[in-house]
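A.B. asks: Please find one structure pasted underneath; my questions will follow.
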Amino acid sequence: MNMQNQLGSEAAAVVATVDPDALAVGAISSDYVDMDVFDQVMAVIMAGVLGAAATLDAKLEQAQDSSGTGVKDITGKAITQLVKATDDGKQAIINCRAEELDLANAFTHVRLTLTVGAAISDGGAVVLGMGARYGPASDNDLASVAEIIA
């Protein structure tokens, strides 16, 4: 199928975020994404200025529903740790297809978790849902998406 006329916002939806901010030491997770709605997700992790000796880890986790039942890591879906010495202003991407979830045990939802170590650090992330099963992907954008310009 020729997709030359498809807008990016019709192909990918903003489905979860870790809003850009000064992130405290510890873990912060996005909302869960229902993988029955998308063929795949792409998480874009953005490190800003990391604090003194700080680290930033990111991983995708799966659950059996949107409330986090049975939450566990998705094998192979974690970045190499970003560190203050070399990674200020860097990005990392994690891709995940719906079929990579533990489908045999009814895992249907994905979330992104960032973990900051050692010091408060600037960072954020956006998770894009891709391959919407029905309609344009933008029909599934978060309510916080303020505007789409065609």
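A.B. asks: Residue by residue, what Karplus-based ³J(HN,Hα) values in Hz, rounded to whole numbers, does region 62-72 have, using 6.51, -1.76 and 1.60 with θ = phi - 60° and x for Gly and Pro?
C.D. replies: 10, 8, 8, 6, 6, 8, x, 4, x, 3, 7
A.B. asks: Here's another thing I want to ask about it. Once you have the Cα-Cα distance between residue 106 and residue 53, take 0.36 nm times their residue separation minus that, and quote the gain in nm to one decimal.
C.D. replies: Values: separation 53, 0.36 × 53 = 19.08 nm, distance 3.96 nm.
The span from residue 106 to residue 53 would gain 15.1 nm if fully extended.
A.B. asks: Within region 110-142, list the residues whose amide N lies under 17 Å from a label point set 7 Å along Cα→Cβ of residue 85.
C.D. replies: Backbone N within reach: 117-119.
A.B. asks: So if each residue of separation counts as 0.36 nm, and I subtract the Cα-Cα distance between residue 22 and residue 72, what length gain in nm does that give? Don't skip to the end; give the middle numbers.
C.D. replies: Values: separation 50, 0.36 × 50 = 18.00 nm, distance 2.62 nm.
Gain on extension, residue 22 to residue 72, equals 15.4 nm.
A.B. asks: Now a separate question. In terms of modelled amide H atoms, which long-range or inter-chain residues lie less than 5 Å from the amide H of residue 17?
C.D. replies: Distant-sequence amide H within range of residue 17: 31, 127.
A.B. asks: Still on this model: Using θ = phi - 60° and the Karplus relation 6.51 cos²θ - 1.76 cosθ + 1.60, list the HN-Hα couplings for region 44-61 in order, rounded to whole Hz, with x at every Gly or Pro.
C.D. replies: 10, 9, 10, 8, x, 7, 7, x, 4, 6, 6, 10, 9, 10, 8, 8, 9, 10
A.B. asks: Give, as ranges by residue number, the residues of region 17-57 whose backbone N falls under 16 Å from the point 7 Å along Cα→Cβ of residue 6.
C.D. replies: The answer is 37-42, whose backbone nitrogens lie closer than 16 Å to the label point.
A.B. asks: Still on this structure, I have one more. Quick one: compute the contact order of region 29-136, relative version, from alpha carbon pairs under 8 angstrom and 6+ residues apart, as a percent. Present the calculation step by step, with values, prior to reporting the outcome.
C.D. replies: Details: 255 pairs, mean separation 52.1, N = 108.
That works out to 48 percent.
Values in this text are rule-based calculations from the coordinates and carry no lab data. Since we're looking at a predicted model, the values are computed, not measured. No Cβ is skipped: glycine too gets one built from the backbone with ideal geometry, and neighbour counts run over all protein chains shown.
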